[in-house]
Amino acid sequence: MNLSMPNPVQPTEASVEEPMVRFRGVTKRYGDLTVLDHLDLDVQAGEKVAIIGPSGSGKSTLLRALMTLEDIDEGVIMVDGEPLTHMPGADGQLVPASARHQRSVRGKVGMVFQSFNLFPHMNALQNVMEAPVQVLGMPKAQARERAEELLAMVGLEDKLDHYPSQLSGGQQQRVAIARALAMRPKVMLFDEVTSALDPELCGEVLNVIRRLGDAHSLTMLMVTHQMGFAREFADRVCFFNQGRIHEQGSPDELFGNPQQERTQAFLSAVN
Ligand code: ADP
Ligand code: MG
């Protein structure tokens, strides 16, 4: 039997598939300041979404909320079909998630920050091995083998024993990417990962991200100021403004033919 043949009666699996990431009515406030404003966003498995927009529009908060680094005030975030912020209670109603539940759902998400955040007293190999050993309880030999593979994938096979202070910014950021991948996330978040780098070091980091996009079915959300990279890399671009997605579309639509005045103004200011 040809398993790929669509069943004419049942809906195809793709049509009922849950998104990998779902934000529904997500609101985040700091005092009087509303940073995420009833935000809705669905990201399909394997989709690459670039998030652009002015400073202070809530882009980092969106990613941090998905990493459970920020609590949200309203709404629901789902990862791979499971609510991150809530879980089913005894009576079947959703109740706020326990820390344990949050950790398990959150384990599907990895993040790379603008500042590389490597452990300064550990070499590259130890940085990548640390979480699989400490958090997942992976045997050291296995974690080491995996870390070596990942560091080779980001082009650092000859820097395993280098400490962060002995690495360039671009190299540190590539270690940070390998470290996030070591936890086998389904979703990777990148928050302005090249902003702290000299222009000549950006390329090596973007190349790694490009390769990740090609080689894996990873779902990726990337906040970036690099419009050229967003245009080439992303399946979809979301323009953020005041805690909402003001406009979104394919890179060609959003960059080539933005519909909203605010989007046009932003794009002409950054280009
Ligand atoms: P972006 O990444 O788009 O530049 P952020 O998500 O970092 O924006 O921030 C959105 C808004 O929230 C900004 O106005 C910022 O000053 C504010 N903000 C972020 N973190 C905090 C905090 N811990 N306390 C108060 N305000 C904050
Ligand atoms: Mg930010």
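The values are calculated or read from the model by the stated rules, or taken from the named source; none is laboratory data. Because the structure is predicted, anything quoted here is derived from the model rather than measured. So basically every Cβ, Gly included, is an ideal-geometry build from the backbone, and we count neighbours across all protein chains shown.
A few notes on this one:
- Note on segment 208-228: residues that are of a type outside the set (D, E, K, R) and free of Cβ contacts under 8 Å to residues at least 24 places away in the same chain amount to 3.
- Residue list for segment 241-271, filter: in contact with a Pro (Cβ under 8 Å, 6 or more places away or on another chain) and either within 24 Å of Gln114 (Cα to Cα) or in contact (Cβ under 8 Å) with a residue 40 or more places away in the chain (or both): Asn241, Phe266, Leu267
- Residue within segment 178-193 that is touching a Phe, Trp or Tyr at 6+ places or on another chain (Cβ under 8 Å) and among the hydrophobic types (A, V, I, L, M, F, W, C) present: yes
- Checked against (1) modelled with pLDDT of 95 or more; (2) away from ligand 2 (no atom under 16 Å from the Cβ); (3) more than 30 Å from Arg211 (Cβ to Cβ), Lys28 meets all criteria but (2).
- Hits in segment 195-235 (condition: within 15 Å of ligand 1 (Cβ to nearest atom), out of contact with any helix residue (DSSP H, G or I) (no Cβ under 7 Å at 6 or more places or on another chain) and hydrophobic (A, V, I, L, M, F, W, C)): Met222
- Test: residue in segment 154-164 that is within 16 Å of ligand 1 (Cβ to nearest atom), in a loop (DSSP other than H, G, I, E, B), in contact (Cβ under 8 Å) with a residue 24 or more places away in the chain and within 19 Å of the chain's Cα centre (by Cα): no
- Looking only at segment 64-80, and only at residues there that are surrounded by fewer than 23 Cβ atoms within 10 Å (Cβ to Cβ) and under 11 Å from the mean Cα position of the chain (by Cα), the one that is modelled with the lowest pLDDT: Met67
- When Glu192 is tested against (1) within 22 Å of Val133 (Cβ to Cβ); (2) within 16 Å of ligand 1 (Cβ to nearest atom); (3) not small (Gly, Ala, Ser), just one condition goes unmet, and that condition is (1).
- The residue that is surrounded by the most Cβ atoms within 10 Å (Cβ to Cβ), among those in segment 192-251 that are within 16 Å of ligand 2 (Cβ to nearest atom), in a loop (DSSP other than H, G, I, E, B) and not β-branched (Val, Ile, Thr), is Gly243.
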